[in-house]
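The values are calculated or read from the model by the stated rules, or taken from the named source; none is laboratory data. Because the structure is a prediction, the values reported are computed rather than measured. So basically every Cβ, Gly included, is an ideal-geometry build from the backbone, and we count neighbours across all protein chains shown. Keep in mind that these areas ignore ligands, DNA and RNA; they rest on the heavy atoms of the full protein, side chains included. Shrake-Rupley method; radii C 1.70, N 1.55, O 1.52, S 1.80 Å.
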Amino acid sequence: MRLVVLGDPVGHSRSPAIHNAALEACGIEGTYTARQVDEAGMVSAVDEVRYGRLSGANVTMPHKQLAFELADRVTDVALRSGAVNTLVRRDGEVWGYNTDVEGIQAVWELAALPMGRPVLILGSGGAAAGVVVAVADQSIVVSGRRDQAATDVLERTRTEGSIVPWGTPIDGAVVVNATPIGMRGDSLPAEVLEVASGFFDLTYGPVETPSVRYARDRRIPVADGKDLLVAQAAASFEIWTGVPAPVDAMRRAI
């Protein structure tokens, strides 16, 4: 098998380590590499999946919406979110999946993040759309740097919710960071986390992000991006291979 993760940036990605460990644990011959691509590179990579030169691909920021547009067919969950993070070839066509949604739901439960509280989603791209779909049964508030982009997320996912300006705190909310903030050591607005009842950071890096450390120091329940990475990776692995993912080996690899 020949698998890749596509994004920009992508050099920090732990996905190659996770999936190569999974392939080895299952005795499947193959490789998984990281490839930094722009929009033209995405078009080329999707064609590689379509014509069998790639067995499949993961897609990360900022190309999840573009992957949705480039896929020949998408699942109902991907259609609802308008974003794709997993590509695979089926009968000569490229199918798009969004395994972030089930990954978010699994990690939310695993980390015992509060339920029944408002969910403040920071971001307005494909990752934010996946979060909206995953927590659609809760009270949703979206905050982006542009109000219209935040509104578009709710409209695209056909979900009810409200919009607040960037940096607006919501008392008692579970805050979900669906932006790249934190990947380069930068922090979310502190006032947003000060009144939070939980924090789910979709980003990750070699060390904990400043916002994750800030939340842990205040004993706020936290879910880290690495937890999500393993959960969505396990779902992607099963889509590509048809065999149960060796989750323990994947966790050790990260």
Hey, can you rank 54-61, 142-149, 120-127 by average C-beta count inside 10 Å, highest first? 120-127, 54-61, 142-149
Ignoring ligands, DNA and RNA, please state the percent of accessible area on segment 1-146 from carbon and sulfur, probe 1.4 Å. 46 percent
Can you give the percent of C-alpha pairs in segment 113-254 whose distance is more than 18 Å? 56 percent
Gain upon complete extension [residue 112, residue 43; 0.36 nm per residue less C-alpha separation]: 20.9 nm
Determine the dipole magnitude for segment 48-173: charges of +1 sit on the beta-carbon of Lys and Arg, -1 on that of Asp and Glu, nothing else is charged, the reference point is the Cα centre, and the result goes in debye to the nearest 20. 280 debye
Estimated 222 nm signal from helices in the chain, with DSSP H stretches of n ≥ 4 weighted -39500 (n - 2.57), rounded to 500: -12000 deg cm²/dmol
Once Rh is set to the Kirkwood radius over Cα pairs, what Stokes-Einstein translational diffusion coefficient, in µm²/s, holds for segment 44-96 at a temperature of 10 °C and a viscosity of 1.306 mPa s? 150 µm²/s
Hey, how many Å between the Cα centroid of segment 173-188 and the Cα centroid of segment 32-77? 25 Å
Got the relative contact order for segment 154-213 handy, in percent, Cα pairs under 8 Å and 6 or more residues apart? 36 percent
Normalised by the number of residues in the chain, what is the relative contact order in percent for Cα pairs under 8 Å and 6+ residues apart? 18 percent
Among 164, 111, 150, whose Cα sits farthest toward the positive end of the charge dipole of segment 32-191 (+1 at Cβ of Lys/Arg, -1 at Cβ of Asp/Glu, about the Cα centre)? 111
If you fit an axis through the alpha-carbon atoms of helix 225-241 and take the longest principal axis of the Cα set of the chain, what angle between them do you get, 0 to 90°, nearest 10? 30 degrees
Place +1 on the Cβ of every Lys and Arg and -1 on the Cβ of every Asp and Glu in segment 1-99, take the dipole about the Cα centre, and give the residue among 7, 17, 60 whose Cα lies farthest towards its positive end. 17
Give, in whole angstrom and from largest to smallest, the semi-axes √(5λ) of the equivalent ellipsoid of the chain, with λ running over the eigenvalues of the Cα gyration tensor. 29, 20, 16
Per-residue accessible area for residue 39 at 1.4 Å probe radius, Å² rounded to 10? 130 Å²
If you put +1 on each Lys and Arg Cβ and -1 on each Asp and Glu Cβ, how big is the dipole of the chain around its Cα centre, in Debye rounded to 20? 320 debye
With a 1.4 Å probe and every protein chain kept in, tell me what percent of the accessible surface of segment 182-254 is carbon plus sulfur. 48 percent
Rounded to 10°, Cα long-axis angle of helix 39-50 versus longest principal axis of the chain: 50 degrees
What angle do you read, to the nearest 10 degrees and between 0 and 90, between the alpha-carbon axis of helix 15-25 and the longest principal axis of the chain? 50 degrees
What distance in nm separates the two pseudo spin-label positions at residue 146 and residue 194, each 7 Å out from Cα along the beta-carbon direction? 3.0 nm
To the nearest Å², the heavy-atom accessible area per residue of the chain with 1.4 Å probe amounts to 43 Å²
Pairwise centroid distance, computed over Cα atoms, of segment 16-30 with segment 133-155, Å: 36 Å
Relative contact order (percent) for segment 1-113, with alpha-carbon contacts under 8 angstrom and 6 or more residues of separation? 24 percent
With N residues in segment 99-184, Rg(alpha-carbon) / (2.2 N^0.38 Å) equals 0.99
Per 5 angstrom bin, beginning at 0 and ending with the bin that holds the maximum distance, the Cα pairs of segment 167-229 fall in percents of 4, 20, 36, 27, 11, 2, 0
How long is the gain from residue 25 to residue 171 if the chain were fully straight, where each residue apart is worth 0.36 nm and the alpha carbon distance is subtracted? 48.1 nm
